[in-house]
Amino acid sequence: MMQIGIVGKTNTGKSSFFSAATLVDVEISNRPFVTIKPNQGIGYVTAKCAHTDFEKGECQPQNSKCINGIREIPITLYDVAGLVPDAWQGKGLGNRFLGDIMQARALIHVLDVSGRTDAEGNPTKGRDPALDVEFLEREISYWIRGILMESWQKLSKQAAMDSKGAAPTLAKQLSGLGISEENVKEVIKEGNFGERPDNWNEDEILRFSGDIRKKSKPMLIAANKIDLPESRENYEKLRAQLPGKKIVPCCAEAELALRRAARNGAIEYVPGAKEFSVLKEIDEKQKKALEFIQKNILDVWGGTGVQEAINETAFNLLELMVVYPVEDQHKMLSGKGHYLPDAYLLKKGATALDLAGEIHSDFIKRFVAAVDCRSGMKLGKEHALKSNDIVKIQLNH
């Protein structure tokens, strides 16, 4: 299953974001290093469900959920220990943090956009949030460089002598970080690095480390605590300072309150929605809290930002799409008679054969063809699928 890491310095609301997205109960406190071991849970990517395109009634999800026509497809989230300056040198929980995030395919940087936490995660006022973006990216880049430098002299010579180019050797050294040979090839080409790494200087090695970080761990910024007085101005300033980055305004505490109220049956709320409905009598304290969220967050920002951050990471940074496999191409049923039962997240450009392998590795060997259930057109194994496709995989028995 695809994995997203929830990262940032300590005490920015990472654990609140994680709990809001997964409803996994973790310790949440206004102090540094509450999270030590990474928390793992299932969040959801949301998209308009394919069943809304037809008049056959409600779908019957098996590997996912559907609420009011919104399909929720599971994705693994990690909430890892907070980062401190010089973590790449082992300070704080640095080695653990940096090791944990390498399981992820993309990162959501939960940032305290109010500027009320210093570099160590302690209370302060007036900190420029852009410093935290720079700091976190630098720490990861320096850590990658450190892994390369462990045996750079030998490694760079091997890479320079390889007839296939430098990428295979460098990728092997970085393979434990989820960095592929294709990632390395693209970075070398796009960054105009010399074909002989043994001639790279220290600045080029660090630049390569930064570029491979961007390529292999794309990062979205969740500008958290957007409800605090300083946050709007800081958010607008941050957007101007970092025009090339995707920044989502966010209030993880509000999302967590809404999700918990919905779980308890007090309200009806779909993650990512800009409103909710009260279903039963609630006490005055909860009523005021929900009214505050509606007026100051949902009405102002169009949502809490938590679901938007996950969706943006999945669909834009990771370039995923949703595809629905079925067994009965005419009725769009599974073998057990469930209507549009499963939804899979695949990389854009994935083929019918890729979908077969995602369902079961044995299906790759048995693949004969596929059928587009909307058009009835037969598809070969190299046919590139599109988002929201409904596909029957034909197998050799």
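The values are calculated or read from the model by the stated rules, or taken from the named source; none is laboratory data. The structure displayed is predicted, hence computed values, not measured ones. Here the Cβ positions follow ideal geometry from the backbone for every residue, glycine too, while neighbour counts run over all protein chains shown.
Being in contact (Cβ under 8 Å) with a residue 12 or more places away in the chain, under 19 Å from residue 75 (Cβ atoms), crowded, with 18+ Cβ neighbours inside 10 Å and not charged (D, E, K, R) holds for only one residue in 350, 370, and it is 350. Listed by position, the helices (runs of 4 or more DSSP H) inside the stretch 295-397 whose residues that are of a type in the set (Gly, Ala, Ser) number at least 3 are 352-359. The number of residues in the stretch 171-221 that are part of a helix (DSSP H, G or I) and of a type in the set (S, T, N, Q) comes to 6. Taking the stretch 117-130 as the range and being within 15 Å of residue 223 (Cα to Cα) and either surrounded by 20 or more Cβ atoms within 10 Å (Cβ to Cβ) or modelled with pLDDT under 95 (or both) as the test, the residues that pass are 117, 129.
In this structure, does residue 247 turn out to be surrounded by 20 or more Cβ atoms within 10 Å (Cβ to Cβ), of a type outside the set (Gly, Ala, Ser), within 30 Å of residue 185 (Cβ to Cβ) and without any contact (Cβ under 8 Å) to a residue 60 or more places away in the chain? Yes: the conditions hold for residue 247. Scanning the stretch 276-288 for residues that are under 30 Å from the mean Cα position of the chain (by Cα), exposed (fewer than 11 other Cβ atoms within 10 Å of the Cβ) and either part of a loop (DSSP other than H, G, I, E, B) or not assigned by TED's automatic domain parsing to the domain that holds residue 311 (or both) gives no hits. Taken over the stretch 156-170, the criterion of being assigned to a helix (DSSP H, G or I) and either surrounded by 20 or more Cβ atoms within 10 Å (Cβ to Cβ) or among the charged types (D, E, K, R) (or both) is satisfied by 156, 157, 159, 167, 169, 170.
The single residue among 156, 180, 175, 151 that is at negative phi and touching a Ser or Thr at 6+ places or on another chain (Cβ under 8 Å) turns out to be 180.
Among the residues of the stretch 136-155, the ones that are out of contact with any strand residue (DSSP E or B) (no Cβ under 7 Å at 6 or more places or on another chain) and either outside any helix (DSSP H, G or I) or of a type in the set (D, E, K, R) (or both) come to 6 in all.
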